[in-house]
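The values are calculated or read from the model by the stated rules, or taken from the named source; none is laboratory data. Source: prediction; values computed, not measured. As a convention, Cβ positions derive from the backbone with ideal geometry for all residues, glycine included, and neighbour counts pool all protein chains shown.
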Amino acid sequence: MSRPDLALFAATSGHSGVDRIVANLLPALAAHGLRIDLLGIRGHGPCLDPLPAGVRRIDLGRDHVLPALPALVRYLRRERPRVLLSDKDKVNRTALWARRLAGGDTRGYVRLGTTVSTNLASRPLFDRLTQRWSMRTFYAWADGVLVPSQGVAADFAAFAGLPRTRIQVVPNPVVTPQLQALAAAPPPHPWLLDSAVPVILGVGELSERKDFATLLRAFARLHATRPCRLLIYGEGRRRGQLAALAAELGVAADVALPGFIANPYPAMAHAAAFALTSRWEGLGIVLVEALALGTPAVACDCPSGPREVLADGRHGPLVAVGDDAALAAALAGLLDAPPAREQLVAAAAAYSVEASARAYAAALGLEPTP
């Protein structure tokens, strides 16, 4: 039996951004003839059901990442994959240790999906210093680091002290062949059927990072000037605070927080405008999805992805993080003069699954067959 082309090691919640990337990317790589092993630990994703042809699931037999190190070393010595790719920091460090202990000629790559320095900024100083030391030490062992945006690449090069040439920007596999069909399902909320009143949409975890409080304040400003409604799909710890803020701002009757939804794409397709208000991102997957569906979008100019996705504001306005007045003005502009749908769809094409799969294969030195 020939050696696997790619072993992907990940340990996820089952519904994270990494899960979506793996679910979109691996079938596309396998369709080009690459033999892939998906390595995991018990009780964690990613879960591909059914497994695509050419992908084999390998359970490392542990419940946590670090205790799986001996099993990962044994796997690498036995199977000798051409490339080992891992995602997220704890998994990355374990993968790099395993490759070092296993020896052999397997190349090791790690992926980071967010702006590291901003992500760590609120942590205690000792944690930040420990993480910096860890990344400067372990990531130097990798053959390369893959990131989703130029901003993440520049940030990580400075944070970890790695040469910028060791870090490759590879687009996330966001726009799937199924996206349009999913968006064609019936809209999930009656407001989306009322074309007389425009609906502003937000999608994401109700967390401090996503900063939907700024979106609510901007919506209240917009609401004072014209009829409009706000839908925010997602769940999280800030739900109660956001509901209280909507009431305090006097807009609760035109704000809905329906919770998590597995298929937000009909809402995206029917919304008058989409808003991304994150304080930091790696790329902004939902922003790309909104563009792919032709929905006008505005984003906070956070580190790092939105500026790249919106091409410095050519495909949609960028506003300062936390600036609700500027956000309200940008939303008003989108409602009054939305960009052409064709422009937005074309802007998202760089993040298609096929384009991403070819970029990943090239970055890993695993050129797929035509």
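When the residues of the range 316-370 are filtered to those that are among the β-branched types (Val, Ile, Thr) and farther than 25 Å from Thr225 by Cβ, the one that is farthest from the chain's Cα centre (by Cα) is Thr369. Return yes or no: is Arg358 among the basic types (Lys, Arg), over 26 Å from Arg217 (Cβ atoms) and either at pLDDT below 95 or in contact with a Pro (Cβ under 7 Å, 6 or more places away or on another chain) (or both)? The answer is yes for Arg358.
The number of residues in the range 104-121 being in a helix (DSSP H, G or I) and aromatic (Phe, Trp, Tyr) comes to 0. Scanning for something more than 15 Å from the chain's Cα centre (by Cα) and over 22 Å from Thr115 (Cβ atoms), does the range 299-308 turn up at least one residue? Checking the range 299-308: not a single residue is more than 15 Å from the chain's Cα centre (by Cα) and over 22 Å from Thr115 (Cβ atoms). Return yes or no: is Val203 surrounded by 18 or more Cβ atoms within 10 Å (Cβ to Cβ) and touching a Gly at 6+ places or on another chain (Cβ under 8 Å)? Judged against the criteria, Val203 is a match.
Here is a check on your reading of the model: is Ala247 loosely packed, with under 15 Cβ neighbours inside 10 Å and over 20 Å from the mean Cα position of the chain (by Cα)? The answer is yes for Ala247.
Taking the range 11-103 and the helices (runs of 4 or more DSSP H) fully enclosed by it, the elements with 2 or more residues that are farther than 24 Å from Val145 by Cβ and over 23 Å from the mean Cα position of the chain (by Cα) are at 69-79. Taking the range 161-211 as the range and being more than 19 Å from Val18 (Cα to Cα), among the aliphatic types (A, V, I, L, M), assigned by TED's automatic domain parsing to the domain that holds Ala244 and part of a loop (DSSP other than H, G, I, E, B) as the test, the residues that pass are Ala184, Ala185, Ala196, Val197. Consider the range 153-189 and keep the residues that are among the small types (Gly, Ala, Ser) and touching a helix residue (DSSP H, G or I) at 6+ places or on another chain (Cβ under 6 Å). The one that is nearest to Ala271 (Cα to Cα) is Ala183. Out of curiosity, is Glu289 modelled with pLDDT under 95, charged (D, E, K, R) and farther than 19 Å from Phe219 by Cα? Judged against the criteria, Glu289 is not a match. Among the residues of the range 297-307, the one identified as part of a loop (DSSP other than H, G, I, E, B), surrounded by fewer than 24 Cβ atoms within 10 Å (Cβ to Cβ) and either in contact with a Ser or Thr (Cβ under 9 Å, 6 or more places away or on another chain) or in contact (Cβ under 8 Å) with a residue 40 or more places away in the chain (or both) is Pro303. Within the option set Arg80, Arg128, Arg136, Arg93, being of a type in the set (D, E, K, R) and closer than 15 Å to Ile167 by Cβ holds for one residue only, Arg136. Of all residues in the range 333-370, those that are under 18 Å from Leu291 (Cα atoms), surrounded by fewer than 18 Cβ atoms within 10 Å (Cβ to Cβ) and among the hydrophobic types (A, V, I, L, M, F, W, C) total 8. Residues of the range 122-142 that are in contact (Cβ under 8 Å) with a residue 24 or more places away in the chain and either surrounded by fewer than 16 Cβ atoms within 10 Å (Cβ to Cβ) or assigned to a helix (DSSP H, G or I) (or both): Gln131, Arg132, Ser134, Met135, Arg136, Phe138, Tyr139, Trp141. Within the range 58-97, restricting attention to residues that are under 30 Å from Trp280 (Cβ atoms), touching a strand residue (DSSP E or B) at 6+ places or on another chain (Cβ under 8 Å) and aliphatic (A, V, I, L, M), the residue that is modelled with the lowest pLDDT is Val91. Hey, among the residues in the range 259-282 that are farther than 18 Å from Arg307 by Cβ and not in a loop (DSSP other than H, G, I, E, B), which one's farthest from the chain's Cα centre (by Cα)? Here the answer is His270.
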